[in-house]
Amino acid sequence: MWCIVNPLDLTAGFHQLEVAEEDRDVTTFGSPWGTYKFNRMPFGLKNAPAIFQQAVDRVLASANDVSGCYIDDVLIYTKTWDEHLVALRRVLACLSKTGLTVKLKKCSLAKSRLRYLGHLIGGGRLSVPNNRVTALAEWPLPSTKCQLKRFLGTVGFYRKFAENFAAVAALLTPMTTKGAPDTLVWTKEGESAFTCLKLSLCCGVVLCVPNAGDEYVLYTDASANAVGGCLHVKRDEEGELPIAFFSRILRGPEIRYSVSEKEELAVVEAVNHFDVYLFGRPVTVKTDHRPNLALTDGKSSSDLNPRLRRFSLKLQGRVKIEYLPGEQLENADGFSRMWEQEGQGPDWKNEINADQTSNETQRDVKNGGLATARVEAADSGNGNSVAILNQGGVEPGGPSPLVAAKKTDETRSSSKTGSKDLIAHDN
């Protein structure tokens, strides 16, 4: 695991690339003193970030085992100090050969931890920076739809750190739709969901950065209105460490799926979501729904309905599914069992499809899973409020489970993006 990191910032970003002679006419702009065209690649061209990223990737191709880059931010990573000196020389030689320069005052040498692309990295760990945690903890309750969208966009960027993100956010997203009023009217449920999203990112979750030879374990679960999963890496000396969380609400006809179909949909969606980690690698999927074993055993496929057969075909040869009782599925199922300790729990029997068997119904009442959450602000006894996640989606004796809402994914990109010997062509 790499322990020393070194960020380099390329000077002037895009301006280090020269525009090809035949492409300079398309950069022409007018001014009171005449028309001009760029000799160097300007900021603002639609394909400028992609062209610059490709150019830097080609420059660092011979040192890509110890370095990586995002636009103009180059990162060098090694395990030891001696290896770091060698890697630094290799990267600087690549940049010097093509004429790219770095801004020294923006570079840091031999850091154990640093902020990079909005994350705190170092020692093979990934976490939310402390200043972002403080800002989220102090975020006031939004009063307008625009302010709520801003909040959801910010927490959505860090959704891989938050368990049950989609189900909790589903209580807030309807307030941002086109027909919703611009001035928000908050309910107890909405305020609780807002508090939960803040606390889920302020609790200090630290994710692990996987290595090439690691073994993966994927935990999945489903409930009445959402599916989710948690990807872990298995190491001998440290046990299982979380890499990222995943969740999404059920959409359209998916809400009417049977319990078995929802549980197996959770497996398929989680495997597809984490495909960047799992493609071509062995992975064990652990679930508390025993019928999921039929997806990959090849013996019971004739007993599956057409939808489950399609799910089975998507997973053949990719995963190994193991059954894990709900009481042992702590990371995916722990919050739903909070009610069992108090001898109470929500009754979902009237909410589940009629085609489910009584055994499936009892299992789903017990194991709501990591896919749904309902938050209730409760008095902790000392005047402070604590967030309680109710996986059943209802408080005892309360209203029906969460209402599914459309999920919005905010994709953030920042580009500040760097050779006298490199020519940028407009493709």
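Tell me whether the stretch 135-143 contains one or more residues that are surrounded by fewer than 18 Cβ atoms within 10 Å (Cβ to Cβ), out of contact with any Asp or Glu (no Cβ under 7 Å at 6 or more places or on another chain) and under 30 Å from I4 (Cβ atoms). There is at least one residue in the stretch 135-143 that is surrounded by fewer than 18 Cβ atoms within 10 Å (Cβ to Cβ), out of contact with any Asp or Glu (no Cβ under 7 Å at 6 or more places or on another chain) and under 30 Å from I4 (Cβ atoms). Restricting the first member to the stretch 307-333 and to residues that are within 14 Å of V268 (Cα to Cα) and outside any loop (DSSP other than H, G, I, E, B), and the second to residues that are of a type in the set (K, R) and modelled with pLDDT of 80 or more, the beta-carbon pairs closer than 9 Å and six or more apart or on different chains are I321/K286.
Restricting attention to the stretch 63-78, the residues that are in a loop (DSSP other than H, G, I, E, B) and surrounded by 14 or more Cβ atoms within 10 Å (Cβ to Cβ) total 3. Restricting attention to the stretch 72-93 and to residues that are farther than 12 Å from L8 by Cβ and of a type in the set (V, I, T), the residue that is farthest from the chain's Cα centre (by Cα) turns out to be V86.
Of the residues that sit in the stretch 245-257 and are touching a helix residue (DSSP H, G or I) at 6+ places or on another chain (Cβ under 8 Å) and either of a type outside the set (G, A, S) or surrounded by fewer than 19 Cβ atoms within 10 Å (Cβ to Cβ) (or both), which one is farthest from R310 (Cα to Cα)? Give the steps one after another, and end with the answer.
Going residue by residue through the stretch 245-257, those that are touching a helix residue (DSSP H, G or I) at 6+ places or on another chain (Cβ under 8 Å) are 245-250, 254, 257.
Adding the requirement that they be either of a type outside the set (G, A, S) or surrounded by fewer than 19 Cβ atoms within 10 Å (Cβ to Cβ) (or both) leaves 245-246, 248-250, 254, 257.
Details: F245: 25, F246: 22, R248: 20, I249: 20, L250: 18, E254: 15, Y257: 14 Å.
In this case the residue turns out to be F245.
Exactly one residue out of R132, R113 is within 20 Å of the chain's Cα centre (by Cα), more than 23 Å from I255 (Cα to Cα) and open to solvent by 50 Å² or more (accessible area, probe 1.4 Å), and it is R132.
When K106 is tested against (1) out of contact with any strand residue (DSSP E or B) (no Cβ under 6 Å at 6 or more places or on another chain); (2) closer than 26 Å to F157 by Cα; (3) open to solvent by 30 Å² or more (accessible area, probe 1.4 Å); (4) not hydroxyl-bearing (S, T, Y), exactly one condition is not met: (1). State all residues of the stretch 161-175 that are outside any loop (DSSP other than H, G, I, E, B) and either among the small types (G, A, S) or surrounded by fewer than 18 Cβ atoms within 10 Å (Cβ to Cβ) (or both); if no residue qualifies, say none. Scanning the stretch 161-175 gives A166, A167, A169, P174. Counting the residues of the stretch 79-94 that are open to solvent by less than 80 Å² (accessible area, probe 1.4 Å) and either part of a loop (DSSP other than H, G, I, E, B) or within 21 Å of I121 (Cα to Cα) (or both) gives 6.
Considering the stretch 6-48, and only residues there that are within 30 Å of Y77 (Cα to Cα) and out of contact with any helix residue (DSSP H, G or I) (no Cβ under 9 Å at 6 or more places or on another chain), the residue that is most open to solvent (accessible area, probe 1.4 Å) turns out to be H15.
The strands (runs of 3 or more DSSP E) falling completely within the stretch 1-57 that include 2 or more residues that are of a type in the set (V, I, T) map to 4-9.
Inside the stretch 263-297, residues that are more than 15 Å from S247 (Cα to Cα), of a type outside the set (A, V, I, L, M) and open to solvent by 50 Å² or more (accessible area, probe 1.4 Å) make up a count of 8.
In summary, L60 fulfils each of the numbered conditions (1) open to solvent by 30 Å² or more (accessible area, probe 1.4 Å); (2) closer than 26 Å to G123 by Cβ; (3) modelled with pLDDT of 90 or more with the single exception of condition (1). If only residues of the stretch 187-219 that are under 14 Å from P282 (Cα atoms) and acidic (D, E) are counted, the one that is modelled with the lowest pLDDT is D214. The set of residues in the stretch 267-326 being closer than 17 Å to Y216 by Cα and among the charged types (D, E, K, R) consists of E269, D275, R281, K286, R318, K320, E322.
The values are calculated or read from the model by the stated rules, or taken from the named source; none is laboratory data. What you are looking at is a predicted structure, and each value in this text was computed from that prediction instead of being measured. Quick reminder, even Gly has a Cβ in these numbers, built from the backbone with ideal geometry, and neighbours come from all protein chains shown. Calculation scope for accessible area: heavy atoms of the full protein, side chains included, ligands and nucleic acids excluded. Shrake-Rupley method; radii C 1.70, N 1.55, O 1.52, S 1.80 Å.
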